[in-house]
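Enquirer: Below you will find the structure I want to go over with you.
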Amino acid sequence: MKLAIIGSGKIVQDFLTITKDLKDTELTAIIGTERSIDVLKQLQAEYKIESVYTDFGDALDKSDFDTVYVAVPNFLHYGFAKKALENGKNVISEKPFTVKYEEFLDLKKIAIEKKLILVEAITNQYLQNYLDLKDKLSQIGDIKLIESNYSQYSSRYDAFEAGKILPVFDPKKGGGALMDLNIYNVHFIVGLLGKPQSVSYLPNIERNIDTSGILLLDYGVSKAVAIGAKDSTSPVGKTILQGNKGSIIVNGPTNEMQSFDIYDKDKNLLEKVDHNLYPHRMYQEFVEFERIVKENDLQTVAQKLQHSEDVMWVVKEVLESSKIKLG
Ligand SMILES: NC(=O)c1ccc[n+]([C@@H]2O[C@H](COP(=O)([O-])OP(=O)(O)OC[C@H]3O[C@@H](n4cnc5c(N)ncnc54)[C@H](OP(=O)(O)O)[C@@H]3O)[C@@H](O)[C@H]2O)c1
């Protein structure tokens with residue numbers, strides 16, 4: 001995969017650390033802003049990236065890449081992804097896919113028309129522990145309840161309280177606890193149970209953005225609660241799945257899923273599972289993206305897009321029914 005990366009922030013710098021182990025990835029270009037030119041050049045030198053641009057149009061004209069990794073603030077995903085697809089490039093978009101459901105549907109339509117790859121970079125869907133959890137889920141019988149908590153006090157919350165609003169807390173830029181952290185819980189739950197019948201969100205709102213919140217997903221025969229917080233935290237970052245024959249406890253936040261334990265209904269430990277293939281949470285998803293691009297596996301892309309669409313539907317329902325106005 002000949003990759004162009006858009007963005008030079010936190011996630012790009014984290015992602016670049018695994019690229020030495022991505023054998024089918026060539027770092028063809030990195031695209032950012034003028035104000036970050038020094039960072040872009042430093043990353044170019046450190047990771048031997050072929051070219052640096054501060055204009056995506058220039059990169060499209062001058063560099064030869066087949067895939068674009070969109071890793072900019074949420075409200076910019078749609079525009080960059082659309083331009084990339086219109087120029088015949090595959091797209092890997094950071095989560096959340098887009099801010100608005102209609103934007104997601106538009107990208108999907110273009111990708112299908114042009115037979116291009118369009119996928120969301122959402123770590124948990126690719127982690128071995130998650131794939132194994134799916135296989136073993138029937139051991140605990142019918143799922144009655146899921147409780148998932150991803151809370152991480154953000155250093156950017158201190159800035160927010162001091163009046164400096166960074167994109168992750170900016171409603172105009174598609175920020176907030178739901179879009180930033182709770183979205184992992186939504187992917188986790190929707191990946192297991194599918195699209196819910198209905199959802200409702202109880203947010204803590206400061207300066208028009210949800211700094212934390214509790215999301216309820218109703219599946220009729222099962223119920224799930226997803227908690228996401230950027231304004232508070234606790235040592236307990238776990239997900240609990242309760243079935244009529246047992247339970248599963250997932251250790252660690254739902255973007256990493258460090259391990260999980262299976263219990264019978266008498267609370268006896270049956271199995272501990274710790275099968276992630278690589279310490280870095282992003283590795284397995286990018287190995288799969290390399291394969292998808294190499295084999296032009298549009299069938300897998302269609303499955304992944306259906307999953308992302310169900311997640312985006314949840315986001316749409318929340319935004320339509322709450323006071324939070326994003327974008
Ligand atoms: N941080 C994480 O751990 C994490 C994890 C998973 C996913 N993500 C997702 O990754 C995305 C980026 O998050 P982040 O934490 O990396 O944010 P970040 O640290 O704020 O970085 C955003 C980057 O986008 C660049 N950018 C802004 N506007 C741009 C434009 N018009 N053209 C090109 N580049 C532009 C910024 O450049 P300037 O600094 O010059 O503005 C910066 O390099 C978000 O969608 C987030 O949900 C983040």
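Enquirer: From the set of residues in region 1-26 that are away from the ligand (no atom under 16 Å from the Cβ) and of a type in the set (A, V, I, L, M), which is surrounded by the fewest Cβ atoms within 10 Å (Cβ to Cβ)?
Expert: Ranking the candidates gives 22 first.
Enquirer: Taking the condition of being surrounded by fewer than 20 Cβ atoms within 10 Å (Cβ to Cβ), within 11 Å of the ligand (Cβ to nearest atom) and outside any loop (DSSP other than H, G, I, E, B), how many residues in region 156-206 meet it?
Expert: Adding up the residues that qualify gives 2.
Enquirer: Conditions: (1) part of a loop (DSSP other than H, G, I, E, B); (2) touching an Asp or Glu at 6+ places or on another chain (Cβ under 6 Å). Residue 28 meets all but one. Number of the miss?
Expert: Just one mismatch for residue 28, condition (1).
Enquirer: Filter region 301-311 down to the residues that are surrounded by 15 or more Cβ atoms within 10 Å (Cβ to Cβ) and over 15 Å from the mean Cα position of the chain (by Cα) and list them by number. So that I can check it myself, show each step before the final result.
Expert: Residues of region 301-311 that are surrounded by 15 or more Cβ atoms within 10 Å (Cβ to Cβ), as a first pass: 301, 304-305, 307-311.
301, the sole residue that qualifies.
Enquirer: In region 122-155, how many are in a loop (DSSP other than H, G, I, E, B) and either at positive phi or under 18 Å from the mean Cα position of the chain (by Cα) (or both)? Talk me through it step by step, then tell me what you get.
Expert: Initial filter on region 122-155 (in a loop (DSSP other than H, G, I, E, B)): 122, 126-127, 141-142, 152-154.
Filter once more, so that each one left must be either at positive phi or under 18 Å from the mean Cα position of the chain (by Cα) (or both): 122, 126-127, 141, 152, 154.
Matching residues across region 122-155 total 6.
Enquirer: Can you name the residue in region 244-284 that is assigned to a loop (DSSP other than H, G, I, E, B), polar (S, T, N, Q) and in contact with a Phe, Trp or Tyr (Cβ under 7 Å, 6 or more places away or on another chain) and, of all such residues, is surrounded by the fewest Cβ atoms within 10 Å (Cβ to Cβ)?
Expert: Looking at residues that are assigned to a loop (DSSP other than H, G, I, E, B), polar (S, T, N, Q) and in contact with a Phe, Trp or Tyr (Cβ under 7 Å, 6 or more places away or on another chain), I get 255.
Enquirer: Given the conditions (1) more than 26 Å from residue 305 (Cα to Cα); (2) under 19 Å from the mean Cα position of the chain (by Cα); (3) small (Gly, Ala, Ser), and given that residue 162 satisfies all but one, which numbered condition is not satisfied?
Expert: Condition (2) is where residue 162 drops out.
Enquirer: Moving on to the next point. I want to confirm something. Restricting to region 74-117 and keeping residues that are open to solvent by 50 Å² or more (accessible area, probe 1.4 Å) and outside any helix (DSSP H, G or I), which single residue is farthest from the ligand (Cβ to nearest atom)?
Expert: Residue satisfying both the conditions and the ranking: 115.
Enquirer: Next up: List pairs: first residue in region 132-144 and modelled with pLDDT under 95, second residue open to solvent by 20 Å² or more (accessible area, probe 1.4 Å) anywhere in the structure, Cβ distance under 8 angstrom, at least six positions apart or on different chains.
Expert: So the pair list comes out empty.
Enquirer: Within region 56-68, is there a residue that is under 22 Å from the mean Cα position of the chain (by Cα), open to solvent by less than 50 Å² (accessible area, probe 1.4 Å) and not assigned by TED's automatic domain parsing to the domain that holds residue 171?
Expert: For region 56-68, residues under 22 Å from the mean Cα position of the chain (by Cα), open to solvent by less than 50 Å² (accessible area, probe 1.4 Å) and not assigned by TED's automatic domain parsing to the domain that holds residue 171: present.
The values are calculated or read from the model by the stated rules, or taken from the named source; none is laboratory data. Note that the structure is predicted; figures quoted are calculated from it, not measured. Positions of Cβ are backbone-derived with ideal geometry, glycine not excepted, and every protein chain shown enters the neighbour counts. In case anyone asks, the SASA skips ligands and DNA or RNA and just uses the protein heavy atoms, side chains included. Shrake-Rupley method; radii C 1.70, N 1.55, O 1.52, S 1.80 Å.
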